[in-house]
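What follows is a short report on a single structure.
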Amino acid sequence: MASGILVNIKKEVTCPSCLNLLKNNNTRILECGHSFCQACITANNRESMVSPEEVAALCAGSVTKPENLRLSRPVANIVEALREVQLSPQEAQKSYLCEHHGEKLQLFCKEHGKVMCWLCEPSQEHRGHHMFLMEEIVQLGEHELQEALDTLRAEQKETEKLIADFEEDTTSWKKTYVQDCRKQLREIHDSEEQTELQKLEKAEGDHLDELLRLRACCSITGNRCEISSQTWSIRCRAQQ
């Protein structure tokens, strides 16, 4: 309720020409009852949205020469009091009002990238800019957000596939590596075993050759002993 009253009061103390809050020490009132900033009247500001003459024409009033315009002290006092009024954080967050005009923030300026009310749109600052309703911006934002989410989901799916492929390749590589290591170990073992077998066969052959040589020596020695025995026997017989 309080915020609504402040909004209505703020409308009454807003300069129709520059659309800014009237200045407490520089507020002039026309004979028709409308209040303007002194600068908007005396300078005949071409950038102003509405001239004092146009406002006076709406109520069939006449415009007094700038030097004869009187200061609107009641309006100036209201402006000064209004500047000191601050809405509570809850009310300010709930109202979403323009800080310059007290109107709802319903438009979005693409060039400036900020929200504004309908009174800000025709000002010189935003003239010729692309304006959108907040509903359109929300829908556009939701559409862009959905596209971004779809893109992220697709990227996530692709990433998960890459991870799965990598894990599969890692498992396959590990299996192949283990098999190769086992094969190499078997080959090394077989090679060493074959070498040892060859050494064993050679040693066995050497022992067999030595045994045959010893047997041959024993046979020769036996023959010699037998010959010696026969010779001795013959000599003994001859001496008898």
Residue list for segment 98-153, restricted to those being of a type in the set (Ser, Thr, Tyr) and touching a Cys at 6+ places or on another chain (Cβ under 9 Å)
123
Scanning for something within 60 Å of the chain's Cα centre (by Cα) and part of a helix (DSSP H, G or I), does segment 221-228 turn up at least one residue?
no
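Rule-based calculations on the coordinates, nothing more; no lab input. Keep in mind it's a predicted model, so treat the numbers as computed, not measured. Heads up, the Cβs are rebuilt from the backbone with ideal geometry, glycines too, and the neighbour counts pull from every protein chain shown.
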